[in-house]
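Computed from the coordinates by the stated procedures, all read-outs in this text should not be read as laboratory data. Quick caveat, the model's predicted, so the values are computed rather than measured. Backbone-built Cβ (ideal geometry, glycine too); neighbour counts: all protein chains shown.
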Amino acid sequence: MNKTDPNGAFRDAIVASKRLLRAQIPDLKDRFDRLTEEIAQEVSDVKAQRDRGECPVPEVDFSALAQVSDAQKDTIRRRGCVVVRGVFEPQQINEWNDDIAQYLTDVKYLERMASKRGIDQYFSALASSRPQIYSVYWSKPQMQARQSEDLATTRQWLNRLWQYTHDGQPVFNPDQELTYVDRVRQRQPGDATLGLSPHVDGGSIERWIDPGYRQVYRHIYGGDLAAYSAFDAAFRTETREIPSPAVCRMFRTFQGWTALTRQGAGDGTLNVLPIVKAIPWMLLRALQDDVADDDLCGAQAGRAMVVNPQYHSLLLDAYGPIPTVEPGDTVWWHADMIHGVEDAHQGKGYSNVIYIGAAPDCEKNRVFSDLQRAAFETGASSPDFAAEDYELGLSARATPADLTPLGRRQMGYAD
Ligand SMILES: [Fe+2]
């Protein structure tokens, strides 16, 4: 076994899973061809839209959420992403943006990062070594944004785009969030260090080898291909991810962020591949005859699942920027949505965000919420990320006393 190969420990499981899946999909070749045709059509639709100067990412206004038509909702489900505009007042956002900058100073982030990583302080002050994503979890602006009533309304609306019951039982409660605590991005103009190539979070090889994930994709791996819906929550809360800093332990209906500054194409921000069924296509792609028995088109355990140009070039024409967003707009993408971050920030202003996704109340999320709440009380880093612990002992951080009743429920407090 090759020790440097992340799939080393999983080789037998990969081979066995591929054998099992191939055996249970007798029409594999035909099924893959049908899905390929469907995806090729989607790619060409998205590309045509971009060529016309339109953005394929749907948009809705926070103030008009209740009036969004079924047709618009279907478009959002097909594209797997949506910009919800105007969730927060720009003035509030500007205050938070300034307060987060101050908080990073109070934390002495750059100095402490340098000493933690054994880097000379002189070099730590150089622009090229400044981080662009900051591992702070408990600033007051982050906490205030998470417990905003308007954001709760937005996430309730997003959660309700899903089919959240299965066999008459609720899979999750769409109306109650459990906060998933994440970090902040402060990306400075000219930065070229942060680029992330197109990928999907929430597990890679698990989508083939984990029994929970195989159930999520049960209509892809056999049965009626047309019955598959990326918004069917059944079994989504029963997946088991290989532990890794790259994998979120909560079930999120949508990943997301709140814009703290204006940002659009060229500003070092998010790109998306707005075809939510691209992942099922990638799943069947790996089962084709030209892929080795122990290979899943390059998917690696414990890493984000990447679009591999060798196998997935069909998809790449659909990949491109989100629309320009203003402070207080929010951006959301489905857990199966391929996305990335532009390599270079060529714009003039900082592109800053607070990462806040939508993680509804369910058993899987409650288990993690308990661990997270313990970290909140001490000021430790979120247990889903490296234990950098910048905020331990910092008086400026948010504490339980800063939580509203909604914030308490979202952090999993019993009352
Ligand atoms: Fe990601």
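A few comments on the model shown:
- Straight-line reach from Lys47: taking Cα to Cα under 14 Å and skipping same-chain neighbours fewer than 8 places apart, the aspartates and glutamates in range are Asp317.
- For segment 343-360 versus segment 42-72, the spacing of their alpha-carbon centroids is 21 Å.
- Relative contact order, percent, the chain [alpha-carbon distance under 8 Å, six or more residues apart]: 27
- Of all DSSP beta bridges in segment 8-410, antiparallel share, percent nearest 5: 90
- Computed magnitude of the charge dipole of the chain (debye, nearest 20; Cβ of K, R +1, Cβ of D, E -1): 440
- Violating pairs (Cα-Cα greater than 23 angstrom) within the set Lys29/Lys73; Lys108/Lys140; Lys29/Lys277: Lys29/Lys73
- For the chain, calculated [θ]222 nm from helices alone, where every DSSP H run of n ≥ 4 adds -39500 (n - 2.57): -10000 deg cm²/dmol
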